[in-house]
1. It is to be established whether one or more residues within the stretch 119-130 are modelled with pLDDT of 95 or more and under 29 Å from V70 (Cβ atoms).
2. What number goes with the only condition from (1) over 19 Å from Q106 (Cβ atoms); (2) polar (S, T, N, Q); (3) in contact with a helix residue (DSSP H, G or I) (Cβ under 9 Å, 6 or more places away or on another chain) that T286 does not pass?
3. What is the one condition in (1) assigned to a strand (DSSP E or B); (2) within 19 Å of T95 (Cβ to Cβ); (3) among the polar types (S, T, N, Q) that T225 does not satisfy?
4. Anything in the stretch 245-271 that is over 22 Å from D306 (Cβ atoms), touching a Gly at 6+ places or on another chain (Cβ under 6 Å) and aliphatic (A, V, I, L, M)? List them, or say none.
5. Tell me the residue from V323, V319 that is in a helix (DSSP H, G or I), of a type outside the set (K, R), in contact with a strand residue (DSSP E or B) (Cβ under 9 Å, 6 or more places away or on another chain) and assigned by TED's automatic domain parsing to the domain that holds E386, please.
6. Before we move on, is A111 modelled with pLDDT of 95 or more and in contact with a His (Cβ under 6 Å, 6 or more places away or on another chain)?
7. Answer yes or no as to whether L112 is crowded, with 16+ Cβ neighbours inside 10 Å, in contact (Cβ under 8 Å) with a residue 60 or more places away in the chain and in contact with a helix residue (DSSP H, G or I) (Cβ under 7 Å, 6 or more places away or on another chain).
8. Which of (1) buried (at least 19 other Cβ atoms within 10 Å of the Cβ); (2) under 23 Å from the mean Cα position of the chain (by Cα); (3) in a strand (DSSP E or B) does H299 not meet, given it meets every other one?
Amino acid sequence: MWEQSLQRLPYPSMPASDEADLVAVVARGRAAADAIARAWDRGAAVAPIDPAAPPSAREARLQFLRPTHVDDGDGVHARRGGVPVPAAVGAVLPTSGTTAEPKAVQLDHDALAASARAVHAAIGLEPSDQWLCCVPLHAVAGLAILARARTLGTGLVVHDRFDAGAVAHAPDHGATLVSVVATMLTRLLDGDAPLERFRIVLLGGGPTPRHLVDAASRRGAHIATTYGLTETGGGCLHDGHPLPGVEVRLDERGEILVRGPTVMRAYHRDEHATAAAFTTGGWLRTGDVGALDGDGRLHVVDRLRDIVISGGINVSPTVVERVLAEHPDVLDVCVTGAPDAEWGERVVAHVVPADGRVPPSLESLRAFGRDRLTAAELPRELRLVEAIPRTLGGKPRRRELRDAGSAAGSGSSRTCG
């Protein structure tokens, strides 16, 4: 565990040069936090890399990023062939990579600070508040916590990795604010962690099951659901409402568009992707489909490219997953589309059985969902899998399942007409 108040470490003045060093940080937990602080102190940008990734993957990432230096926790080393970044850039972070090969996002120092101030304005920062960081620092969720503590001078506790027992005892050391994903919250609830002792628990990283939020709330936890991307500096909506200074709207397709000071500068070394990411009015295309309820609260429906169009009807995989996940014989589920000669696409349920000896049948899944799903939403194919591949934030990697299904053919799956 690493504890420190970052009030004495304000964001540095931008150097006179138009460029700044890019420091790749290959460390975990407190060592990574120290390395990031060192880089920011001297006006450099940071590019955190997962230290647990295979050496070949780390090297491939370094070759793509082309940092000027590497900090492995034991010191800063110059790297031959490194390319500086614009002086305003504070961080270069990977996207989640749920729908394509991960890109890297350039976030300015000002964007990180703007996000920090907006989050604290939304939750109402108190003098005694202290952040707990138990999420990886090589993703936006973890780095944003460092930026919040640094910008507002709050206390900070950094754990080397997520451990439900350690998180449960964090309030004993003064932690009042924590950010988790659904998988983490589930483990905390299973371990009877005293979540009510945190003033705020931010829940993000992907779809937030209503039953999970309700279960935590019944335990006395103060949950705020968040939505955001690496491209927006992390969560830019809390409980369906934009953070102060953030603008959100839906286009004619229902795609969520975001504009404001927390939005990325560009995709790292990818001018084409950067141009495609923004509208002519400067709105960031999130790639997510949303809908507004009667109270003006935005609900994220699904990834735009994950929508399954079956018989001309748009089907949200997430909506179908929420229903099928409650089937007693389903341990985990992910829904994708597959080409279909009759329907254009058919809904495919990839299911991890609760008991591999007695897996659910396609017929039982359809019968279970019939009262809550439309005919188009009911799965027409069942594929039994050992695990659902997910990102660090808990989002399903649908593309991997689609590709695996295409390569393997129908296999042992069950389909219906």
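1. No, the stretch 119-130 contains no residue that is modelled with pLDDT of 95 or more and under 29 Å from V70 (Cβ atoms).
2. Every condition holds for T286 apart from (1).
3. Only one criterion in (1) assigned to a strand (DSSP E or B); (2) within 19 Å of T95 (Cβ to Cβ); (3) among the polar types (S, T, N, Q) is unmet by T225, namely (2).
4. V246
5. Going through V323, V319 in turn, just one is in a helix (DSSP H, G or I), of a type outside the set (K, R), in contact with a strand residue (DSSP E or B) (Cβ under 9 Å, 6 or more places away or on another chain) and assigned by TED's automatic domain parsing to the domain that holds E386: V319.
6. So A111 does not fit the description; no.
7. Yes; evaluated as a whole, the condition is true for this residue.
8. Looking at each condition in turn, H299 falls short on (1).
The values are calculated or read from the model by the stated rules, or taken from the named source; none is laboratory data. What you see is a predicted model; the values in this text were computed from it and never measured. When we count neighbours, we look across all protein chains shown, and the Cβ atoms used for this are built from the backbone with ideal geometry, even at glycine.
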